[in-house]
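Single-structure report; data block below.
The values are calculated or read from the model by the stated rules, or taken from the named source; none is laboratory data. On a predicted model such as this, the values are computed, not experimentally measured, just so you know. Counting neighbours? That spans all protein chains shown, and the Cβs are built from the backbone with ideal geometry, glycine included.
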Amino acid sequence: MSEKRLKRKKLQKKLFTKNRLVILNEDTFEEIFSLKLTLMNVFVVATLGAIILISITTFIIAFTPLREYIPGYSSSKLKRDATELSLKSDSLIEALKKNEAYIQSIQKVLNGQLEYAKFNKDSILNLNEEPAPQLKMTASEEELKLREQVDAAEKAATQLAKEKQQTTKKRK
């Protein structure tokens with residue numbers, strides 16, 4: 001135990017012993033700059049400098065166009081263009097489906113498979129559209145319980161409002 005204490009005291013003494021940093025002119029031995037330092041001061045300044053340097057570098061990369069040069073990041077213009085192109089391709093696919101259905105129905109008319117009087121462009125286009133999926137619209141038990149609680153709270157609130165009106169009428 002005492003050895004650990006002695007090691008700590010030696011380390012503390014080394015960390016807080018004052019040293020002098022002197023810069024001399026080699027020809028004249030004139031002192032240009034002098035600074036008193038401890039090892040702890042040097043360590044703290046170096047650590048703070050590293051933290052500041054890392055944070056500035058991170059800030060520059062994160063909030064400037066430099067991030068586009070990092071693999072995996074793409075430019076915002078590229079993302080915007082990709083979104084626009086995907087929307088255009090979806091609409092073109094829909095238009096292509098409608099045109100194909102229209103051409104097939106015209107071919108049926110020309111081949112005599114369909115009567116001319118029954119031919120309607122709008123009905124052909126509507127045939128190609130997919131029907132909306134049927135959704136289950138029944139309430140669960142939790143929803144029913146919640147509705148009952150809300151109804152009970154509303155009834156209580158309206159009952160209190162009626163009682164307030166009656167007491168104010170009686171006072172007048």
Test for S34: is it polar (S, T, N, Q) and under 30 Å from Y69 (Cβ atoms)
no
Mind listing just one residue for me: the one in the stretch 12-63 that is part of a helix (DSSP H, G or I) and small (G, A, S) and, of those, farthest from the chain's Cα centre (by Cα)?
A46
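Report yes if some residue within the stretch 72-83 is among the aromatic types (F, W, Y) and touching a helix residue (DSSP H, G or I) at 6+ places or on another chain (Cβ under 6 Å); otherwise report no. Write out each step before concluding.
Taking the stretch 72-83 first, the residues among the aromatic types (F, W, Y) are 73.
Restricting the remaining residues to those that are touching a helix residue (DSSP H, G or I) at 6+ places or on another chain (Cβ under 6 Å) gives 73.
Yes; the residues of the stretch 72-83 include at least one that is among the aromatic types (F, W, Y) and touching a helix residue (DSSP H, G or I) at 6+ places or on another chain (Cβ under 6 Å).
Please go through the stretch 31-64 and give me each residue that is among the polar types (S, T, N, Q) and without any contact (Cβ under 8 Å) to a residue 12 or more places away in the chain, ordered by number.
Going residue by residue through the stretch 31-64, those that are among the polar types (S, T, N, Q) are 34, 38, 41, 47, 55, 57-58, 64.
Those that are among the polar types (S, T, N, Q) and without any contact (Cβ under 8 Å) to a residue 12 or more places away in the chain: N41, T47, S55, T57, T58, T64.
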For the condition surrounded by 10 or more Cβ atoms within 10 Å (Cβ to Cβ), of a type in the set (V, I, T) and not assigned by TED's automatic domain parsing to the domain that holds K10, what is the one hit in I54, I103?
I103
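Test A157 against the stated conditions and say whether it is modelled with pLDDT of 85 or more and outside any loop (DSSP other than H, G, I, E, B). Show your work before the answer.
Values: modelled with pLDDT of 85 or more: yes; outside any loop (DSSP other than H, G, I, E, B): yes.
Considered against the rule, which asks whether it is modelled with pLDDT of 85 or more and outside any loop (DSSP other than H, G, I, E, B), A157 comes out as yes.
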